[in-house]
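Quick notes on the structure that follows.
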2 protein chains.
Amino acid sequence: MKRVKFVLDDKSIPKKWYNIQADLPTPLHPPLNPATGKPVGPEDLAPIFPMALIEQEVSTKRWIDIPEDVLEKLLLWRPSPLYRAHNFEKALGTPAKIYFKNEGVSPAGSHKPNSAIPQAYYNKIAGTKRLTTETGAGQWGCALSMACKLFGLDLKVYMVRISFEQKPYRKMMMRTWGAECVPSPSRDTETGRRILAENPDTPGSLGIAISEAIEDAVSSKNTKYSLGSVLNFVCLHQTIIGLEAKKQMKMAGDYPDIVIGCVGGGSNFAGISFPFVHDKINGENVRIIGAEPSACPTMTKGPFIYDFGDTAQKTPLMAMHSLGHNFVPPPLHAGGLRYHGVAPLVSRLLLDNLIEAKSYQQSECYKYAVLWAQTEGFIPAPEASHAIAAVAKEALQAKEEGKEKTILFCWSGHGLLDLGAYDSYFAGKLKDFDIQDDAIKKSLTGIAHLPKPSL
Amino acid sequence: MKRVKFVLDDKSIPKKWYNIQADLPTPLHPPLNPATGKPVGPEDLAPIFPMALIEQEVSTKRWIDIPEDVLEKLLLWRPSPLYRAHNFEKALGTPAKIYFKNEGVSPAGSHKPNSAIPQAYYNKIAGTKRLTTETGAGQWGCALSMACKLFGLDLKVYMVRISFEQKPYRKMMMRTWGAECVPSPSRDTETGRRILAENPDTPGSLGIAISEAIEDAVSSKNTKYSLGSVLNFVCLHQTIIGLEAKKQMKMAGDYPDIVIGCVGGGSNFAGISFPFVHDKINGENVRIIGAEPSACPTMTKGPFIYDFGDTAQKTPLMAMHSLGHNFVPPPLHAGGLRYHGVAPLVSRLLLDNLIEAKSYQQSECYKYAVLWAQTEGFIPAPEASHAIAAVAKEALQAKEEGKEKTILFCWSGHGLLDLGAYDSYFAGKLKDFDIQDDAIKKSLTGIAHLPKPSL
């Protein structure tokens with residue numbers, strides 16, 4: 001009988017996160033205060049984040065202890081199983097061995113709780129009573145709702161209005177976990193009221209939702225703000241995925257030739273790949289591929305620049321690949337990949353050629369996602385389908401070359417709350433989007449005045 | 001650090017199912033042919049089931065080998081993890097230790113694939129090309145869709161029309177796994193056309209859907225019918241749950257004082273409990289409780305009689321606890337528990353006092369389901385919430401008595417596609433239903449002419 005799963009018991013859960021800042025060949029460009037053009041200090045971030053997270057954001061310590069209380073909550077579903085996708089391999093007729101880390105087993109159905117839990121914890125011990133956040137598709141809002149409830153924090157989620165209306169199950173999940181979820185723009189903030197006055201029918205945007213969440217956090221008592229991707233400490237928390245995967249690959253008697261993750265803000269990709277980037281920096285021969293949508297080609301077409309993290313320009317300037325903070329991606333189904341920028345850490349690795357970036361059209365992603373569901377059973381989230389397309393391409397390449405490659409990827413979440421995308425696919429209504437260079441150029445023109453990172 | 005999970009590796013998956021028919025103190029009453037009043041023989045069932053399943057239905061062999069090809073598919077998610085619910089215990093303030101078997105980890109989100117996989121397999125090797133089935137809430141239809149795709153069988157699912165309209169995600173899941181799903185009554189069968197002619201606006205019923213699926217199976221080439229609960233072989237397939245749980249309880253150094261499952265047709269309850277009923281028959285001191293909805297009190301209020309399995313009287317007569325095949329349960333959210341009868345094997349154990357039955361109102365079930373989601377993270381299916389209510393009651397009883405009881409239960413599935421029920425709960429719109437004795441009496445009057453089982 002072929003072995004399908006490699007499972008770790010509770011005792012084997014990693015006790016430390018891996019901080020890639022300790023091993024970067026080139027240090028990160030510091031985030032800048034947009035008003036002064038100077039690097040931001042802890043005091044600039046203190047109004048929205050607790051000090052422990054700010055310290056993790058800038059730490060260069062290689063290993064950072066996971067607190068006991070965080071481990072206890074992570075054990076509700078972690079360590080997650082590593083699987084070998086024998087059936088998918090067979091369907092492709094590839095000699096490649098395909099392993100996947102199933103992050104869909106979390107109560108929220110994705111990798112997002114890996115950072116939601118520690119963020120709630122560090123806020124709790126710092127005396128925070130309440131958090132605010134934004135959510136687009138809803139994965140992050142759900143994960144943080146659960147985490148806040150487990151640590152006894154209140155939470156208000158500003159959910160992009162169009163998602164709020166189209167995805168009623170997401171807000172019901174948040175409510176079940178005790179969070180308040182409102183459509184954004186809302187009447188609860190000045191930003192929201194101003195935008196509603198100008199355009200009562202606006203569908204909302206992630207940029208607006210971020211503005212509302214930050215405004216709420218800085219103007220409310222005992223309240224901080226929480227973000228589910230992009231930041232260094234989020235990438236840090238997610239490395240538990242790759243650290244577990246390493247142990248499990250050892251159980252399988254294997255080591256990957258290729259590591260793959262889908263990339264929106266970059267957090268699940270960072271999670272699966274950074275522990276292998278560590279090996280690569282130390283001489284290991286491993287390719288690492290970030291898979292992004294052609295409709296939001298941040299890494300493949302966006303320049304490395306200083307840009308805001310949000311549309312409303314409330315964040316510091318971050319040095320990253322970006323399509324410009326006013327870039328509005330077309331309405332592809334993978335809501336979690338519709339972000340104009342990408343984590344500064346991921347951007348740095350791309351610049352240093354430690355990772356590769358590739359982009360995929362969603363029709364191709366769904367073709368392979370359906371093949372996946374029909375061979376491996378589990379129905380992938382729209383985001384994960386991008387990683388699957390990348391895996392399939394590499395596996396077919398291996399077939400062509402007659403090489404037995406070993407591929408590991410992060411199956412970042414299940415698609416049980418995103419089945420509408422499959423429906424569109426079967427109905428032949430799934431659109432592909434090509435982003436013209438002119439559109440990117442236009443979006444970037446608006447931020448030409450911002451400082452440039454030295455290269 | 002408290003241990004939360006007890007995981008088995010692939011090698012430890014049970015290789016045999018446990019057949020409780022080998023150990024029954026009293027043998028089952030045979031199913032009867034309603035036309036002749038004589039016990040049905042294999043030839044009566046051959047038009048709708050393959051011979052291997054008919055043999056399992058009547059076998060008294062204690063252990064039945066699980067075929068290698070079935071094991072290979074079950075390994076896609078099995079063995080499922082056993083958890084200790086430390087946080088839920090703490091919230092109840094109980095000295096009881098609560099363990100749960102998480103069947104929500106399957107691709108379809110419930111225990112249903114445990115029987116869907118072997119049913120698809122035995123049909124495949126018997127030369128069946130196509131299956132038909134019915135589904136109410138959609139769990140079984142989804143599970144069989146996945147199983148048929150994995151074995152290369154076509155499937156047509158007749159889905160109760162009101163569910164078809166209210167639960168679009170379920171039909172999208174079935175479609176993703178390649179099945180055809182039509183609302184029942186449909187225009188595709190004589191039964192369906194007749195009913196639509198009489199009542200074009202009928203919401204449909206499980207009884208009608210069963211009739212359509214059976215009519216389709218017997219009138220189509222190379223086609224058989226499949227059922228997701230009630231039958232002996234379905235209970236047999238589900239015993240893999242309890243067999244795994246036994247190994248995992250041993251890992252935990254524990255043995256249950258109480259085993260609990262929710263009961264609709266009885267399959268997940270049979271699965272978790274039969275291996276422990278075996279122990280009880282052999283002298284072990286263990287209580288076994290089936291939790292059913294007050295709105296469909298089959299075991300607690302239904303007499304033990306011969307009755308049809310379906311409204312349209314297409315099945316043999318089965319000796320079981322029943323509210324009468326014309327009984328229409330009120331619209332409680334746990335669609336999987338809305339069945340007028342219960343598995344003959346479960347009925348037999350109840351008569352022989354080897355198991356107990358208790359009923360719960362859905363408002364109470366949701367109260368504890370919400371507490372569960374807010375402490376353990378995972379959001380339970382409406383069906384599983386009934387088991388959770390039973391667990392909570394026993395745990396609170398243990399608290400009152402100051403006893404450290406060990407409780408094991410089957411967490412039969414997640415509720416991510418049933419969040420509307422939680423929404424109703426929070427909106428204060430969740431209704432409780434009391435079934436009056438008169439209503440049951442009236443329902444039973446219609447079948448007073450049927451043969452009676454000797455006691």
Practice problem: Quick one: P(r) of region B:318-377 from all Cα-Cα pairs, 10 Å bins, percents rounded to integers, in order of increasing distance. | Solution: 18, 37, 32, 12, 0
Quiz item: Taking Cα pairs under 8 Å and at least six residues apart, what relative contact order does chain B come out at, in percent?
Solution: 19 percent
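Hey, what's the protein assembly as shown come to in accessible area per residue, 1.4 Å probe, Å²?
Accessible surface, normalised per residue, equals 34 Å².
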Exercise. For region A:267-304 and region B:167-234, write down the distance between their C-alpha centroids in whole Å.
Key: 47 Å
Exercise. Rounded to the nearest 0.05, what FRET efficiency do B:Asp423 and A:Lys90 give with R0 = 45 Å and r taken as the Cβ-Cβ distance? Could you check?
Key: 0.60
Quiz prompt | Length gained when the stretch A:Asp65-A:Tyr255 is fully extended (0.36 nm per residue, less Cα-Cα span) | solution = 65.8 nm
Exercise. Can you pull a Stokes-Einstein diffusion coefficient for region B:162-230 at 4 °C (1.567 mPa s), Rh from Kirkwood over Cα pairs, as a whole number of µm²/s?
Key: 100 µm²/s
Practice problem: Determine the percent antiparallel among the DSSP beta bridges restricted to chain B, to the nearest 5. | Solution: 35 percent
Quiz item: Pairing the Cα long axis of helix B:267-281 with the longest principal axis of chain B, what angle in degrees results, from 0 to 90 and rounded to the nearest 10?
Solution: 60 degrees
Quiz item: Counting only DSSP beta bridges with both residues in the protein assembly as shown, what percent are antiparallel, rounded to the nearest 5?
Solution: 35 percent
Quiz item: Principal axis lengths of the protein assembly as shown from Cα atoms, whole Å, largest first?
Solution: 91, 63, 54
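Give me D for region B:135-265 in µm² s⁻¹, whole number, from Stokes-Einstein with Rh from the Kirkwood sum over alpha-carbon pairs, 4 °C and 1.567 mPa s.
Using the Kirkwood radius from Cα pairs, D works out to 78 µm²/s.
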Quiz item: If you build the Cα gyration tensor of region A:402-455 and take the root of 5 times each eigenvalue, what three semi-axes come out, in whole angstrom, biggest first?
Solution: 35, 24, 14
Quiz item: According to a simple spin-label model (label point 7 Å from Cα along Cα-to-Cβ), what is the distance in nm between A:Leu371 and B:Ser219?
Solution: 3.9 nm
Quiz item: Which of the lysines could a cross-linker span from B:Lys171 if the Cα-Cα distance has to be under 23 Å and same-chain partners fewer than 8 positions apart are dropped?
Solution: A:Lys167, A:Lys171, A:Lys367, A:Lys429, A:Lys431, B:Lys73, B:Lys112, B:Lys129, B:Lys149, B:Lys156, B:Lys224
Quiz item: Which aspartates and glutamates have a Cα lying under 15 Å from the Cα of A:Lys314, excluding residues fewer than 8 positions away in the same chain?
Solution: A:Asp44, A:Glu134, A:Glu190, A:Glu212, A:Glu215, A:Asp216
Self-check item: Interface residues, region A:167-183 - accessible area loss of 30 Å² or more versus chain alone, probe 1.4 Å
Solution: A:Tyr169, A:Met172, A:Met173, A:Arg175, A:Thr176, A:Trp177
Quiz item: How would A:Thr94, A:Thr311 line up by accessible area, probe 1.4 Å, largest first?
Solution: A:Thr311, A:Thr94
Quiz item: Considering only the label points, 7 Å along Cα→Cβ from Cα, what distances in nm to one decimal separate A:Ala197 from the same position in each other copy, shortest first?
Solution: 6.6
Quiz item: Residue separation times 0.36 nm, minus the C-alpha to C-alpha distance between A:Asn282 and A:Glu400: what's the value?
Solution: 39.5 nm
Exercise. Grab the alpha carbons of region A:1-134, take their convex hull, and tell me the volume per residue in Å³.
Key: 191 Å³
Self-check item: Positions from region A:374-418 whose accessible area shrinks by 10 Å² or more when the full protein complex is built, not the chain alone, probe 1.4 Å
Solution: A:Gln374, A:Thr375, A:Glu376, A:Gly377, A:Phe378, A:Ile379, A:His414, A:Leu416, A:Leu417
Quiz item: What list of ³J(HN,Hα) values in whole Hz, one per residue of region B:412-423 in order, does the Karplus curve 6.51 cos²θ - 1.76 cosθ + 1.60 (θ = phi - 60°) give from phi, with Gly and Pro shown as x?
Solution: 6, x, 8, x, 5, 9, 10, 6, x, 5, 5, 4
Exercise. Mind putting together the pair-distance distribution for region B:265-329? All Cα pairs, 5 Å bins, whole percent per bin, short to long.
Key: 4, 16, 19, 20, 19, 13, 7, 3, 0
Quiz item: How far is B:Asp254 from the same spot in each other copy, in nm, shortest first, if each label point sits 7 Å from Cα toward Cβ?
Solution: 3.5
Quiz item: Two-decimal Rg/Rh of region B:1-45 from alpha-carbon positions, Kirkwood Rh?
Solution: 1.32
Exercise. Please give the solvent-accessible surface of A:Val4 in Å², to the nearest 10, using a probe radius of 1.4 Å with every protein chain present.
Key: 10 Å²
Practice problem: Report, to the nearest 10°, how far helix A:362-376 tilts away from the longest principal axis of the Cα atoms in chain A, using its own Cα long axis and a range of 0 to 90°. | Solution: 50 degrees
Quiz item: Once the Cα atoms of helix A:139-151 and of chain A are each reduced to a long axis, what angle between those two axes, in degrees from 0 to 90 to the nearest 10, is obtained?
Solution: 80 degrees
Self-check item: Label point distance in nm, A:Glu165-B:Glu165, each placed 7 Å from Cα along Cα→Cβ
Solution: 2.3 nm
Quiz item: Applying 1/(1 + (r/R0)^6) with R0 = 25 Å to the Cβ-Cβ distance of B:Asn33 and B:Lys247, what FRET efficiency is obtained, to the nearest 0.05?
Solution: 0.05
Practice problem: Consider all pairwise Cα distances in region A:300-414 and report the whole-number % of them above 21 Å. | Solution: 48 percent
Exercise. Report the extension gain between A:Asp352 and A:Asp188 in nm, rounded to one decimal, defined as 0.36 nm multiplied by the number of residues separating them, less their alpha carbon distance.
Key: 54.7 nm
Quiz item: Quick one: label points 7 angstrom along Cα→Cβ at B:Asn33, distances to the other copies in nm, smallest first?
Solution: 9.2
Practice problem: Compute the distance in nm between two label points, each set 7 Å from the Cα along the Cα-to-Cβ direction, one at B:Lys16 and one at A:Ala46. | Solution: 6.9 nm
Quiz prompt | Solvent-accessible area buried by pairing B with A, both sides, nearest 100 square angstrom, 1.4 angstrom probe | solution = 4700 Å²
Quiz item: For region B:441-447, what does the Karplus curve 6.51 cos²θ - 1.76 cosθ + 1.60, with θ = phi - 60°, yield as ³J(HN,Hα) per residue in whole Hz, taken in order and with x for Gly and Pro?
Solution: 4, 4, 4, 6, 4, x, 10
Quiz item: Looking only at trypsin sites (Lys or Arg not before Pro) in DSSP loops with at most 11 other Cβ atoms within 10 Å, what is the longest site-free stretch of chain B?
Solution: B:222-428
Quiz item: Once phi is turned into ³J(HN,Hα) by the Karplus curve 6.51 cos²θ - 1.76 cosθ + 1.60 with θ = phi - 60°, what whole-Hz value does each residue of region B:92-103 show in order, with x for glycine and proline?
Solution: 7, x, 9, x, 5, 9, 10, 10, 9, 9, 8, 8
Quiz item: Which value, in Å² rounded to 10, gives the accessible area of B:Asp10 with a 1.4 Å probe and all protein chains present?
Solution: 10 Å²
Quiz item: For chain B, which whole percent of the accessible surface, found with a 1.4 angstrom probe, sits on carbon and sulfur atoms?
Solution: 51 percent
Practice problem: Could you quote the convex hull projected area for region A:204-359, Cα atoms only and averaged over all directions, in nm²? | Solution: 10.1 nm²
Practice problem: Could you list which residues have their amide H under 5 Å from that of B:Val230, counting only those 5 or more apart in sequence or on another chain, with H placed in the peptide plane? | Solution: B:Gly266, B:Ser267, B:Ala343
Quiz item: Taking chain A on its own, what percent of its Cα-Cα pair distances exceed 40 Å?
Solution: 12 percent
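The values are calculated or read from the model by the stated rules, or taken from the named source; none is laboratory data. Here the structure is a predicted model, which is why all the values come from computation and not from measurement. No Cβ is skipped: glycine too gets one built from the backbone with ideal geometry, and neighbour counts run over all protein chains shown. SASA here: full protein model, heavy atoms, side chains in, ligands and nucleic acids out. Shrake-Rupley method; radii C 1.70, N 1.55, O 1.52, S 1.80 Å.
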